[in-house]
Amino acid sequence: MNVLEASDLKVYYHTAKGVVRAVDGVDFIVEEGTSVGLAGESGCGKTTLGLSFLKLLPENGAIESGSLVFEGDDIYSLDEKTFRENIRWSQIAMIFQGAMNALNPVFKVEDQISEAIKLHSNKKKKERLQMARDLLKKVDIDPTMGRHYPHEFSGGMRQRAMIAMALACDPKLIIADEPTTALDVIVQKQLMDLLRRLKAEMNLSLIVISHDISVLAELCDYLNIMYAGRIVEWGEIEEIFENPRHHYTHGLISTFPTVEDEEKKSRFEFIPGAPPNLLDPPLGCRFHPRCPAATEICMQEPTPEMRRISEKHYVACHHPRGDLD
């Protein structure tokens, strides 16, 4: 069963210079109880897509078209009050990028967690605070630390506090936006282990957004590759890593070193060029200026519809790596 399903979703930013097509016709599926990764370079639309699921876009952002079905209901058809009361945080919650910026510096951590509970329940303050302390304990923070302010927490502790806040109303889906950014590798490993444990214990569904494809390899069951506002490949995580069919996916995976390939250890790989300006994206396939396999059709024809590679592996490319026949 799909807990969330977005269809032909378009999210644009209206700026003084024109319309930024940040998300431009995306289909996205999360099966119940699974972890789904969303990878791509900075500026490709990953965070915008995540924010659109909660309708938390900036003032100049707008969901232009498309549908979002959550547990069988089209939640974009709900008015703002109903969406806020019945969906946002109570059913779908988010671990925001940059915990220090997301936490209010003048309120104690336990008060901020209890505030999320207050908005979605009739529980008394004493009960809410106890729930906040229990949540801190669940994410491996001493409950007494809840009486402290965010600046008194380490980076890893702040991120754990954000996870506790996301769990406050017992949601069914959590969106984690760059959950390990700016943390050292030991703390990254601890946070990934925590997310895996919470997912299993609470039967959560997860969307993990990251530019670090190695983090997604550790956390996710499925992987979506996003480029310039569009999903260009998705599938089961093992198959994507073993058999990437889009040239961009192959480039992303190749930029990470391996301890197994002796030849690759001695050389550095990268994707040439830079992502396109989404105010004026290139004609044809948006990746063609950087693609080693681009031909004239790639420069003239839009990115094709997703083509099936296997039961749970699809790619949108005129000339996918390998032979589809």
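The values are calculated or read from the model by the stated rules, or taken from the named source; none is laboratory data. What you are looking at is a predicted structure, and each value in this text was computed from that prediction instead of being measured. Cβ sites come from the backbone with ideal geometry, for glycine too, and all protein chains shown count toward neighbours.
Of everything listed in (1) outside any helix (DSSP H, G or I); (2) among the hydroxyl-bearing types (Ser, Thr, Tyr); (3) surrounded by fewer than 18 Cβ atoms within 10 Å (Cβ to Cβ), the single unmet condition for Thr180 is (3). Of Ala6, Ala22, Ala39, all but one fail to be touching a Gly at 6+ places or on another chain (Cβ under 8 Å), farther than 18 Å from Cys285 by Cα and touching a residue at least 24 places away in the same chain (Cβ under 8 Å); the exception is Ala6. Remark: pairs (first residue in segment 297-325, in a strand (DSSP E or B) and loosely packed, with under 13 Cβ neighbours inside 10 Å; second residue at pLDDT 95 or above and not charged (D, E, K, R); Cβ separation under 7 Å; 6+ apart in sequence or on different chains) = Arg308/Tyr314. Applying the criterion of being exposed (fewer than 15 other Cβ atoms within 10 Å of the Cβ) and within 28 Å of the chain's Cα centre (by Cα) to the residues of segment 121-136, the residue that is modelled with the highest pLDDT is Asp134. Could you tell me whether any residue of segment 107-120 is surrounded by fewer than 20 Cβ atoms within 10 Å (Cβ to Cβ), in contact with a Cys (Cβ under 9 Å, 6 or more places away or on another chain) and farther than 21 Å from Ala200 by Cβ? For segment 107-120, residues surrounded by fewer than 20 Cβ atoms within 10 Å (Cβ to Cβ), in contact with a Cys (Cβ under 9 Å, 6 or more places away or on another chain) and farther than 21 Å from Ala200 by Cβ: present. Within the set Ser52, Ser77, the sole residue that is over 20 Å from Asp177 (Cα atoms), among the small types (Gly, Ala, Ser) and free of Cβ contacts under 8 Å to residues at least 60 places away in the same chain turns out to be Ser77. Only one entry in Ile141, Ile163 is among the β-branched types (Val, Ile, Thr) and either farther than 21 Å from Thr180 by Cα or in contact (Cβ under 8 Å) with a residue 60 or more places away in the chain (or both), namely Ile163.
Determine whether segment 185-193 contains at least one residue that is under 26 Å from Asp24 (Cβ atoms) and aliphatic (A, V, I, L, M).
no
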